[in-house]
1. Need the full-extension length gain, residue 39 to residue 23, defined as separation in residues times 0.36 nm minus the C-alpha distance. One decimal, nm.
2. Label points 7 Å out from Cα along the Cβ direction at residue 80 and residue 13: separation in nm?
3. Mind putting a number on the dipole of region 12-99 about its Cα centre? Charges go on the C-beta only, +1 for Lys and Arg and -1 for Asp and Glu, and I need it in Debye to the nearest 20.
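Here, each number is a calculation from the coordinates, and none is a lab measurement. Just so you know, these numbers come straight off a predicted model, no measurement behind them. Please note: Cβ atoms are built from the backbone with ideal geometry, for glycine as well, and neighbour counts cover all protein chains shown.
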Amino acid sequence: MFVSISAWGLSLKEIEADIFGSKKLDKIQVIKKLNDAGKEDKNLMFYLLGIVHGYGLYGNEINLKKAEEYLLLLVKLDYKDVNYFLGTLLSRSSDPQKVR
């Protein structure tokens, strides 16, 4: 059975589950939804975009700068595991100031 999910029908929670699970969702639909989801849950959107860019998921190239920008928005909120992901990504940086 083939099931197609439109980008509009896809939820941020489904994307989050896919990122931490099978990574089987269509990359075009995921990226479109993440870029258009600002009205739903901005914190979750920034968190997922940070992870997607930081780890190069769904066909994106790894972009530590973009990932850092998204995740830094959530640090003061103590949002989910943002400190873990941001620390992991910054540890791959060549800038020792960022690691501190």
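1. 3.4 nm
2. 1.3 nm
3. Roughly 100 debye, rounded to the nearest 20.
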